[in-house]
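What follows is a single structure, written as structure tokens, with notes after it.
Just so you know, all these numbers are worked out from the coordinates, no wet-lab data involved. What you are looking at is a predicted structure, and each value in this text was computed from that prediction instead of being measured.
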Amino acid sequence: MSGNEEQKPKLNLVKILKCKNSDCKAWVREELATPGQVCPMCQGPMLRTMKHLPALQKKFKSSSR
Ligand SMILES: [Zn+2]
């Protein structure tokens, strides 16, 4: 196929909180996390890390809230 460019989602490096339990794959975006966030799956402690995620496509540009 040619002509149709495949849309590659842009990956952003996003701060996340990941469950410390290696058996548990739960994670949350840091911006959505609460202070003292615990794992939503196993209630265990979470670790700050980074993850590549597709950029969120915002339909509405709102610079002010
Ligand atoms: Zn967990």
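Tabulated data for the structure shown
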quantity	calculated
Sorted largest first, extent of segment 11-53 alpha carbons per principal axis (Å)	28, 23, 12
Relative contact order (%) - segment 11-53, alpha-carbon pairs under 8 angstrom, separation at least six	53 percent
The chain: Lys pairs at Cα distance under 14 angstrom, eight or more positions apart or on different chains	5
